[in-house]
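So the structure is just underneath, and the comments pick up after that.
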Amino acid sequence: MSFRFPDVFLWGGATAANQIEGAHTADGKGLSTSDIQPFGSFGELKYRQDGDFNIKDIAIDFYHRYPQDIELFSELGFTCFRLSIAWSRIFPKGDELEPNELGLAYYDRIFDELEKHGITPVVTLSHYEMPLHLAESYDGWTSRELIKFFERYATAVFSRFGHRVKYWLTFNEINATLHESFTGAGIPRGSDAQALYQGIHHQLVASAKAVKACHELLPDAKIGNMMLGAIQYALTSHPDDVFEAVQQNREWLFFGDVQSRGYYPGYMTRKFKEMGVVLNITDEDKEALKETVDFISFSYYMTGCVSVQNENLEMTDEEAFKMGSNPYLESTDWGWQIDPKGLRIVLNLLYDRYQKPLFIVENGLGATDIINESGEIEDDDRIQYLNDHLYQVGEALQDGVEIMGYTCWGPIDLVSASTAQMSKRYGLIYVDRDNDGQGTLNRLKKKSFYWYQNVIQTNGEALTPPKA
Ligand code: BGP
């Protein structure tokens with residue numbers, strides 16, 4: 001069976017400021033939480049001293065090379081490009097009253113370039129980073145004060161860019177705060193559940209306030225949330241395992257429930273009670289949460305299994321996202337279980353649950369690339385991965401799921417979020433830079449570049465059914 005995706009379907013790629021831009025102090029930018037994570041989001045935090053190496057200081061130098069890179073995206077046929085604004089470029093410390101004009105001007109140039117190529121921007125307000133000063137002086141999102149700082153930041157960028165940015169996302173993978181509180185929310189690692197969930201509550205209120213500001217200032221724009229959509233299956237058909245899977249999935253669906261329905265679900269009230277967590281939720285907060293997102297966006301890389309019988313469960317060997325092994329699935333070299341059909345499952349689940357349009361804003365294969373003797377990269381595994389996942393997107397469209405678009409993660413090689421490696425590559429475009437920062441930073445089209453270009457050109461018709 002072949003599919004033709006809807007004509008309005010947005011095709012593109014997704015990135016994050018701290019993983020591509022570099023120029024970490026240029027034009028008045030303040031340090032961000034990412035700037036003290038030279039070993040990735042799960043690695044040790046390290047305050048920099050002169051001469052210290054952090055691969056993200058230059059990253060792939062998108063800050064200076066964006067015209068060339070956007071030209072390549074245009075050649076790919078992108079109709080959209082997901083990028084994030086570094087909050088610390090706009091408000092270097094986070095608590096200033098006025099934005100930094102040079103930071104705003106940089107994103108003006110990016111949007112000019114995208115406009116020139118007819119590429120629609122999809123902008124994340126906060127992608128795994130925030131001004132470091134907010135983490136140092138306020139313990140990040142544990143402080144209620146951050147709500148007003150974030151609102152000020154969101155309003156500043158809506159006012160400046162709203163005439164040409166029509167798609168916005170609030171917090172990248174908002175549920176990741178549960179797994180890595182510093183990366184997700186600038187909250188000190190090791191904080192207890194009380195501090196963690198209070199911080200998450202502040203983020204949820206801030207997200208809803210940004211949604212409100214967007215609706216008021218930009219009536220033509222759409223704003224969505226963003227979740228890490230790693231679904232958990234029951235390892236066995238034992239009802240205890242099945243319910244365990246329900247509970248585990250609520251760990252991430254809870255965020256979507258609040259952002260999409262506008263209030264805390266009953267299962268969280270019970271969970272808080274059992275954990276002894278008492279949240280400070282004001283009447284004003286409850287009112288703010290009622291402003292819900294227009295669409296649901298999520299990343300999708302892997303699935304896992306859960307069981308109450310722990311001895312039945314082997315864990316994947318990847319440190320960052322240890323999940324229960326599924327005997328039917330293979331894993332990437334980084335231990336992420338590959339599950340194309342799981343994407344169709346997640347799409348159906350989210351649409352059944354929320355009945356709002358969905359946007360797949362991250363998906364891809366992180367792998368090592370080899371340049372062959374002819375100087376080419378034949379990344380057939382990546383092509384297979386993307387084909388099989390996109391095929392399931394086609395199936396979900398046939399299932400009646402409303403899907404706005406698909407942006408593959410890292411269309412151009414970038415610095416890995418979890419490990420800060422360059423060698424974990426997702427790109428359709430290769431970047432000559434290694435983990436030690438050596439390389440020319442030159443760009444090279446991989447085989448997958450031409451494959452994706454053809455998929456976009458045929459609006460999905462070139463996708464092939466997965467191998468049996
Ligand atoms: C998501 C993040 C991205 C990205 C991607 C791949 O969790 O939103 O920032 O990096 O995962 O992960 P990694 O870079 O760790 O391979």
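The values are calculated or read from the model by the stated rules, or taken from the named source; none is laboratory data. These figures come from a predicted structure and were not determined experimentally. Here the Cβ is made from the backbone with ideal geometry for all residues, glycine too, and neighbour counts use every protein chain on show.
Any chance segment 216-226 includes a residue that's among the charged types (D, E, K, R), touching a strand residue (DSSP E or B) at 6+ places or on another chain (Cβ under 7 Å) and in contact (Cβ under 8 Å) with a residue 24 or more places away in the chain? Reasoning before the result, please.
As a first pass, look at segment 216-226 and keep what is among the charged types (D, E, K, R): 216, 220, 222.
Adding the requirement that they be touching a strand residue (DSSP E or B) at 6+ places or on another chain (Cβ under 7 Å) leaves 222.
Next cut, in contact (Cβ under 8 Å) with a residue 24 or more places away in the chain only: 222.
Yes, that holds for at least one residue.
Pick out the one residue from LEU397, LEU365, LEU347 that is modelled with pLDDT of 95 or more and within 16 Å of the ligand (Cβ to nearest atom). Give the derivation first.
Working: LEU397 fails: within 16 Å of the ligand (Cβ to nearest atom); LEU347 fails: within 16 Å of the ligand (Cβ to nearest atom).
Answer to the selection: LEU365.
Show the residue pairs that are 6+ apart or on different chains and have beta-carbon atoms under 8 Å apart, the first residue being within segment 229-258 and among the hydroxyl-bearing types (Ser, Thr, Tyr), the second being surrounded by 16 or more Cβ atoms within 10 Å (Cβ to Cβ).
TYR233/ALA245; TYR233/THR303; TYR233/GLY304; TYR233/CYS305; TYR233/VAL306; TYR233/ASN326; THR236/SER307
Going residue by residue through segment 129-136, is there one that turns out to be within 13 Å of the ligand (Cβ to nearest atom) and under 19 Å from PRO99 (Cα atoms)? Give the steps one after another, and end with the answer.
Filtering segment 129-136 for residues within 13 Å of the ligand (Cβ to nearest atom) gives 129.
This time we only want the ones that are under 19 Å from PRO99 (Cα atoms), so: 129.
Yes: one or more hits.
Which residues, counting only those in segment 400-416, are away from the ligand (no atom under 16 Å from the Cβ) and not in a loop (DSSP other than H, G, I, E, B)? So that I can check it myself, show each step before the final result.
Residues of segment 400-416 away from the ligand (no atom under 16 Å from the Cβ): 400-405.
Across segment 400-416, the qualifying residues are ILE403, MET404, GLY405.
Working only within segment 213-234, note down all residues that are assigned to a helix (DSSP H, G or I) and under 22 Å from VAL361 (Cα atoms). Break it down stepwise before answering.
First, pick out the residues of segment 213-234 that are assigned to a helix (DSSP H, G or I): 213-217.
CYS214, HIS215, listed by residue number.
So which residues in segment 4-35 are crowded, with 18+ Cβ neighbours inside 10 Å, among the hydrophobic types (A, V, I, L, M, F, W, C) and farther than 15 Å from PRO92 by Cα, if there are any at all?
Scanning segment 4-35 gives PHE5, PHE9, LEU10, TRP11, ALA14, ALA16, ILE20.
Kindly provide the set of residues from segment 235-263 that are more than 16 Å from LYS209 (Cα to Cα) and in a loop (DSSP other than H, G, I, E, B), ordered by number.
LEU235, THR236, SER237, HIS238
When you scan segment 185-219, how many residues do you find that are touching a Lys or Arg at 6+ places or on another chain (Cβ under 8 Å) and either of a type in the set (Gly, Ala, Ser) or more than 17 Å from MET130 (Cβ to Cβ) (or both)? Lay out the reasoning, then the answer.
From segment 185-219, those touching a Lys or Arg at 6+ places or on another chain (Cβ under 8 Å) are 202, 208, 218; that's our starting set.
Those still in the list that are either of a type in the set (Gly, Ala, Ser) or more than 17 Å from MET130 (Cβ to Cβ) (or both) too: 208, 218.
Matching residues across segment 185-219 total 2.
Does ALA288 satisfy the condition of being within 16 Å of the ligand (Cβ to nearest atom) and at pLDDT 95 or above? Let's see the steps before the verdict.
Working: within 16 Å of the ligand (Cβ to nearest atom): no; at pLDDT 95 or above: yes.
Considered against the rule, which asks whether it is within 16 Å of the ligand (Cβ to nearest atom) and at pLDDT 95 or above, ALA288 comes out as no.
Within segment 93-104, can one find any residue that is free of Cβ contacts under 8 Å to residues at least 60 places away in the same chain, under 23 Å from the mean Cα position of the chain (by Cα) and crowded, with 18+ Cβ neighbours inside 10 Å?
yes
Go through segment 1-26 residue by residue and tally those that are within 16 Å of the ligand (Cβ to nearest atom) and of a type in the set (Asp, Glu). Walk me through how you get there before you give the answer.
Within segment 1-26, the subset within 16 Å of the ligand (Cβ to nearest atom) is 12-22.
In the following step, the residues that additionally are of a type in the set (Asp, Glu) were identified as 21.
Counting residues in segment 1-26 that are within 16 Å of the ligand (Cβ to nearest atom) and of a type in the set (Asp, Glu) gives 1.
Look through segment 417-433, keep the residues that are hydrophobic (A, V, I, L, M, F, W, C) and farther than 20 Å from VAL361 by Cα, and return whichever of them is farthest from the ligand (Cβ to nearest atom).
Filtering segment 417-433 for residues hydrophobic (A, V, I, L, M, F, W, C) gives 417, 420, 422, 428-429, 431.
Narrowing the set further to residues that are farther than 20 Å from VAL361 by Cα leaves 420, 422, 431.
Working: ALA420: 9, MET422: 11, VAL431: 14 Å.
Among them, the one singled out is VAL431.
Any chance you could count how many residues in segment 350-362 are within 16 Å of the ligand (Cβ to nearest atom) and in contact with a helix residue (DSSP H, G or I) (Cβ under 8 Å, 6 or more places away or on another chain)?
Here is the first cut: in segment 350-362, the ones within 16 Å of the ligand (Cβ to nearest atom) are 359-362.
Those still in the list that are in contact with a helix residue (DSSP H, G or I) (Cβ under 8 Å, 6 or more places away or on another chain) too: 360.
Matching residues across segment 350-362 total 1.
Could you list, in sequence order, the residues of segment 338-353 that are farther than 16 Å from GLN392 by Cα and touching a residue at least 12 places away in the same chain (Cβ under 8 Å)? Can you show your working first?
Here is the first cut: in segment 338-353, the residues farther than 16 Å from GLN392 by Cα are 352-353.
Passing the criteria: only ARG353.
Quick check on my filter: what residues within segment 40-70 are of a type in the set (A, V, I, L, M, F, W, C), under 26 Å from ASN442 (Cβ atoms) and either outside any loop (DSSP other than H, G, I, E, B) or touching a Ser or Thr at 6+ places or on another chain (Cβ under 8 Å) (or both)? I'd like the intermediate steps shown before the answer.
Of segment 40-70, the ones of a type in the set (A, V, I, L, M, F, W, C) are 42, 45, 53, 55, 58-60, 62, 70.
Keeping just the survivors that are under 26 Å from ASN442 (Cβ atoms) gives 53, 55, 58-60, 62, 70.
Result: ILE55, PHE62, ILE70.
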